[in-house]
Amino acid sequence: MGLFKRMETVFKSKMNTVLNRMEDPRETLDYSYERQLELLQNVKRGVAEVTSSKKRLELQRAKLVQNTDKLEKQAKDAVAAGREDLARLALERKAALAQQVEGIDREIAELEKQQEKLIASEKRLSTKVEIFRTRKESIKAQYSAAEAQVKINESVTGISEEMADVGLALERAENKTEEMKARAEAIDELMEAGTLEDLTGGRDDIDRELAKISAQSNVESELARLKAEAGKEPEKARTGEEGTGERKGV
């Protein structure tokens, strides 16, 4: 029994949480306002009913007073005619009508009290309903603004998270690119130093050394040619030519 009670409590708690998330306070406020308007209409109908009842009693009283005046005249006419019996009967009926008029006056006075109370209640309730309507619209506007701000913030947050992921991807790509460039430069240096064999060239280390010697020899030959053309021959060559000329003169 205790376990069932705890499960029921947990279930109600979860349901309240779900309902609270689903609840739109704007709809709740509108519903409350509609209920207050219904109550205000009920009070107004009550005022109208009391007013109508009082009016009917006032009309009834007016007829009784009219009949009372008529009986008063009849009693006078009977006395003038020497008919005391008729005068007495008219006066008795007049007294009965007077009692009814008094009763109606009491009812009218009671209805007037009720009418005053209902009118006062109507005014107070109408003021409260108007105040509630103003607050309701203000709260609804604030809620709508807050809701819009939340949606904007959520969108911005989503964009920020996405941009953060993009930033990380760019950073990883840049790091990969730098690593690849470093590897390419390292391989070039190793190949130039001869540490790595260029398998595509089909040469071994002896071929590479001979190629270097040939390249150096070509460089020296080209350098000598350029010097000769510029009139800057080697000192040994100029000395030999001078010696030969002297021997020819002798």
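The values are calculated or read from the model by the stated rules, or taken from the named source; none is laboratory data. These figures come from a predicted structure and were not determined experimentally. Note that we place each Cβ from the backbone using ideal geometry, even for glycine, and neighbour counts take in every protein chain shown. These accessible areas exclude ligands, DNA and RNA; they are computed on the full protein's heavy atoms, side chains included. Shrake-Rupley method; radii C 1.70, N 1.55, O 1.52, S 1.80 Å.
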Item checked: Residues located in the range 44-81, provided they are open to solvent by less than 80 Å² (accessible area, probe 1.4 Å), free of Cβ contacts under 8 Å to residues at least 40 places away in the same chain and aliphatic (A, V, I, L, M) -> ALA48, ALA62, VAL65, LEU71, ALA75, ALA78, ALA81
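Sort out which residues of the range 224-250 are part of a helix (DSSP H, G or I), modelled with pLDDT of 80 or more and open to solvent by less than 100 Å² (accessible area, probe 1.4 Å), and write them in order of number. So that I can check it myself, show each step before the final result.
Within the range 224-250, the first condition is being part of a helix (DSSP H, G or I), and the residues that meet it are 224-229, 235-249.
From what's left, modelled with pLDDT of 80 or more: 224-229.
Scanning the range 224-250 gives ALA224, LEU226, LYS227, ALA228.
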Notebook entry, point to check: If we scan the range 142-163, do we find a residue that is loosely packed, with under 14 Cβ neighbours inside 10 Å, at pLDDT 90 or above and over 17 Å from the mean Cα position of the chain (by Cα)?
Noted result: no
Margin query: Being of a type outside the set (Gly, Ala, Ser) and under 60 Å from the mean Cα position of the chain (by Cα): is that true of GLN99 here?
Written below: no
Notebook entry, point to check: Could you say whether any residue in the range 113-120 is assigned to a helix (DSSP H, G or I), open to solvent by 60 Å² or more (accessible area, probe 1.4 Å) and over 30 Å from ALA62 (Cα atoms)?
Noted result: no
